[in-house]
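Remarks on the structure that follows.
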Amino acid sequence: MSRVEPSLSTFPVFMRVEGCPVVIVGGGEEALAKARLLGQTSASLRILAADPDRELSVWAEANGAALVGEAYAPSHLSGAKLVFAATGDEALDRAIAADARSAGIPVNAVDRPELCDFFTPAIVNRAPVCVAIGTEGAGPVLAQMIRSRIDRLLSPSLGRLAVLAASFRGAVERILPKGSQRRTFWNDFFEGAPARAMEVGHIEEAREAAAELLLRRSGTTGHVSLVGAGPGAEDLLTLRAQRLLMQADAIVYDALVPEAVVAMGRRDAERLPVGKRKGCHSKSQAEINDLLVSLGRAGKRVVRLKSGDPLVFGRAGEEMQALRDAGVSYDVVPGVTSAFAAAADFELPLTLRGVTSSMVFTTGHDLKGGTLPDWAKLAISGATVAVYMGRSVAAEVAARLIEAGLSPDTAVAVVENASLPGRRRLHGTLADLPSLGARDDMTGPVMTIIGDAVAGANFEGSEPLAHYAPVADDPRKVRA
């Protein structure tokens, strides 16, 4: 089930105000707050107040703002780029907003969101770098809290580093070809020696480090990261995975990886879906291997997104071998595998002291052969078994395990779409498991967990497996 993300009712932009008239109407605390905010820009600030507070008058004189001691009239808005109504008088603020709109000037009325054409953000100022946080007027205090956190994260020297970067931009564009080589240079610039020198105030040393970095920057070699996308929820992605997505030139992803996770990559990254979902194989494994090698040899930074963890039923071994054979460098970034997400959804201990101290990951398809696989013997001895992609073979899994000696009363937990808001949980026993294969109301990926430890799960909100049976006139209805 895909989630519909809420839409913004405003679009954030950075407006040029250098030398432009900006009018603030008001003489109290609200007007002073807006003046201090606009005072961080190079706008030509004009404050209109017939009887301004002393603190506002002092600020205006100290910061070069024009303080006009007259009662408001529509003519005071002439030529303004922006208008702020901060009188504290609702009727007057409404009149100012109406006059500004009539003149085609965007207006903000303090604490009156219904009158605003735009909202002022909370700002983290590292000029020329600026981070603006907005809540569309819904939570100014929240915006300030976020601003405080970001302010602590950003070095005070970031603005000076950005100015240095601007001085190198022309040389970089002349020397380095557009694409991954430039991005690699800038990543090293902002995270390497130039940034470290600027951090301690050594501006000339930072400049020399940047020049050296540019001179020794040769052809960039490609690299492939096999990244675990987790079970579905985008906030279960690791920080390393998120960072690599933001640096990637190309994102190669499977069908089970949600769009919300893919969207966390760079907007201009090439996005290459490769299928690999049951009944929907858009590319063969050999074709995927060739694609990864080709992208790596082209000098691209590639993120190969795999559902869950890449080393758990992700065929990562074949891709790593292909990259090794081709001499393309790679690394592996683990992800939250679906078994762990399903267990978390059920608050289910996969190991339980005195009950089980081992577990098995399997696809269930192993039981189609003539001999019982070794893991089945572990299940009989008490291991917790996590069966991936097992809905279609649920009856075979149950029959073979019972035939091998596992009790039909062994507890079973089933989760569809683990970790996602629309997940479904079902519980029962091994004897109930065959009913899973008959369900036509489950279309998402299914994880089945079998073992005595399952009895320790939280079954509140879970459906009994045994109570499902399709109704003839509507296969999506069930009866107990």
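Taken together, the values in this text are just the output of simple stated rules run on the coordinates, not laboratory data. Remember, predicted model here, so these are calculated numbers, not experimental data. In this analysis, Cβ positions are derived from the backbone assuming ideal geometry, glycine residues included, and neighbour counts consider all displayed protein chains.
Quick one: order Leu239, Leu214 by neighbouring beta-carbon count within 10 Å, fewest to most.
Arranged by neighbour count, lowest to highest, Leu239, Leu214 become Leu239, Leu214.
Determine the gain in length on full extension of the stretch Asp452-Ala127; use 0.36 nm per residue of separation and subtract their C-alpha separation, reporting nm with one decimal.
Additional length available on full extension: 111.0 nm.
When the chain is fully extended, how far beyond the present Cα-Cα distance does Asp325 get from Glu347, taking 0.36 nm per residue of separation? It would help to have the intermediate numbers written out before the result.
On the way: separation 22, 0.36 × 22 = 7.92 nm, distance 4.28 nm.
Answer, rounded to one decimal: 3.6 nm.
Note down the Stokes-Einstein diffusion coefficient of region 21-120 in µm²/s, whole number, using a Kirkwood radius over alpha carbon pairs, 4 °C, and 1.567 mPa s.
Translational D for this selection: 100 µm²/s.
Would you compute, from DSSP H runs of 4+ residues alone, the mean residue ellipticity of the chain at 222 nm, taking -39500 (n - 2.57) per run and dividing by the full residue count, rounded to the nearest 500?
-10000 deg cm²/dmol
Fewest first, what order do Ser78, Ser462 take by the number of other Cβ atoms within 10 Å?
Numbers: Ser78 11, Ser462 18.
Fewest-to-most Cβ neighbours within 10 Å comes out as Ser78, Ser462.
Taking every DSSP beta bridge with both residues inside the chain, roughly what % is antiparallel (nearest 5)? Kindly include the intermediate steps, with their values, before the conclusion.
Working: 25 of 65 bridges.
Here the share of antiparallel DSSP bridges comes out near 40 percent.
So I have [x] -0.68; [y] -0.45; [z] -0.73, and one of them is log10 I(q)/I(0) by the Debye sum over Cα atoms at q = 0.08 Å⁻¹ calculated from this model. Which one is it?
It is the value labelled [z].
Could you line up Trp59, Trp186 from fewest to most neighbouring Cβ atoms inside 10 Å?
Sorted ascending by nearby Cβ count, the order is Trp186, Trp59.
FRET efficiency for Glu61 and Asp89, Cβ-Cβ distance as r, R0 = 22 Å, nearest 0.05?
E between Glu61 and Asp89, to the nearest 0.05, is 0.30.
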